[in-house]
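Below: one structure, written as structure tokens.
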Amino acid sequence: MVTMDIKTISKTDNKLIFLLKGIDHVFANTLRRTMMTEVPVLTIKEVNFIKNTSALFDEVIANRLGLLPIKGDLKSFDLESGCSCKGKGCAKCKAIITLNCEGPLTVYASDLKPKESSIMFVYPKMPIVKLLKGQELQIEATVTMGVGKEHAKYSPCLCYYQGYPDLKFGNVKNVDDVVKSCPKDLISTDGKKLDIKKPEDCMLCGVCVDVSEGAVELNASETDFIFVVESWGQLKPIEILESALDVLDVKIDLFDKLLDKAK
């Protein structure tokens, strides 16, 4: 049995850094990809332009609308691919948002009016277009739930990882030079011996190795990995991680059943 260990390094509302120990590169990359491409979120999929006399083309405004991070009650939505309407569109898999503005003013995300009460924009003051006097913008947009592997606008986060730094100090002759070489000021000394303050902050640049002429040895762990998850705001990073693990559980169960049938 594989034993894993997880430790939170730091967290904010939209960023989580954690150490996952006892895995390999395959699992690390699978977890990263799952968080970015298979955790569902809401976004604007289609835009119907009733009237647009602004300075921007319809396609430009539609692209901006599609990138607006949207919060909502995900439990009340179905993925279009799995909805009972079979992709025709219904209240279970789609929601409508309208906009009717006339200049002079700047159109913000908060000016869009969702018909579904649970839908809200993560950043209400995100600008969409500036309307001059006499210019108008009237649209009707469709919100759907999707995943990043269908389209990047459905991706809930940026996730990346690196091997945990394994730093060993040998017979370093130019101690002060090695200390000064670290771009993140992580290496300290008592005048003779070297030490690293926060190894989890090391970015594996290898400058200290070059300056020490090989007296410092730096390797990235093959079993322990530092993950960074940066959410766009629709979900908290911990929710993205938990949802990704649920997706992996379902896939593993399905794979296990297929194996049983193949025997």
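Among residues belonging to region 128-150 that are in contact (Cβ under 8 Å) with a residue 24 or more places away in the chain and closer than 22 Å to Leu31 by Cβ, point out the one that is surrounded by the fewest Cβ atoms within 10 Å (Cβ to Cβ).
Taking region 128-150 and keeping what is in contact (Cβ under 8 Å) with a residue 24 or more places away in the chain, we get 128-149.
Checking which are closer than 22 Å to Leu31 by Cβ leaves us with 145-149.
Numbers: Met145: 24, Gly146: 20, Val147: 19, Gly148: 20, Lys149: 13.
Ranking the qualifying residues of region 128-150, first place goes to Lys149.
Which of the residues that make up region 151-163 are part of a strand (DSSP E or B) and either over 23 Å from the mean Cα position of the chain (by Cα) or surrounded by fewer than 21 Cβ atoms within 10 Å (Cβ to Cβ) (or both)? Quick ask: steps written out before the conclusion?
Filtering region 151-163 down to residues part of a strand (DSSP E or B) leaves 157-163.
Of everything in region 151-163, those that are part of a strand (DSSP E or B) and either over 23 Å from the mean Cα position of the chain (by Cα) or surrounded by fewer than 21 Cβ atoms within 10 Å (Cβ to Cβ) (or both) turn out to be Leu158, Tyr160, Tyr161, Gln162, Gly163.
Output the residue which, of all residues in region 1-58 that are assigned to a strand (DSSP E or B) and more than 23 Å from the chain's Cα centre (by Cα), is nearest to Ser243 (Cα to Cα). Working first, answer last.
Initial filter on region 1-58 (assigned to a strand (DSSP E or B)): 5-11, 15-21, 41-52.
Pick out the ones that are also more than 23 Å from the chain's Cα centre (by Cα) and you get 47-52.
Working: Val47: 29, Asn48: 32, Phe49: 35, Ile50: 38, Lys51: 39, Asn52: 39 Å.
Restricting to residues being assigned to a strand (DSSP E or B) and more than 23 Å from the chain's Cα centre (by Cα), the top hit is Val47.
Which count do you get for residues in region 104-127 that are assigned to a helix (DSSP H, G or I) and either in contact (Cβ under 8 Å) with a residue 24 or more places away in the chain or of a type in the set (A, V, I, L, M, F, W, C) (or both)?
Initial filter on region 104-127 (assigned to a helix (DSSP H, G or I)): 109-111.
Checking the rest, the ones that are also either in contact (Cβ under 8 Å) with a residue 24 or more places away in the chain or of a type in the set (A, V, I, L, M, F, W, C) (or both) come to 109.
Here the count works out to 1.
Sort out which residues of region 52-75 are closer than 18 Å to Glu116 by Cα and surrounded by 13 or more Cβ atoms within 10 Å (Cβ to Cβ), and write them in order of number.
Step one: list which residues in region 52-75 are closer than 18 Å to Glu116 by Cα, which gives 65-66, 68-75.
Leu65, Gly66, Leu68, Pro69, Ile70, Lys71, Gly72, Leu74 - these are the residues of region 52-75 that are closer than 18 Å to Glu116 by Cα and surrounded by 13 or more Cβ atoms within 10 Å (Cβ to Cβ).
As an exercise: evaluate Leu74 against (1) over 16 Å from Ser155 (Cα atoms); (2) in contact (Cβ under 8 Å) with a residue 24 or more places away in the chain and give the number of the one condition it does not meet.
(1)
In region 185-198, how many residues are surrounded by 14 or more Cβ atoms within 10 Å (Cβ to Cβ) and not in a loop (DSSP other than H, G, I, E, B)?
Let us first name the residues in region 185-198 that are surrounded by 14 or more Cβ atoms within 10 Å (Cβ to Cβ), namely 186-187, 189, 194, 196.
If we keep only those that are not in a loop (DSSP other than H, G, I, E, B) too, we end up with 187, 189, 194, 196.
The total comes to 4.
We did not get these values from a lab; they are worked out from the coordinates using the rules stated. Keep in mind the model is a prediction, meaning the values are calculated, not measured. Note that each Cβ is placed from the backbone with ideal geometry, even for glycine, and that neighbours are counted across all protein chains shown.
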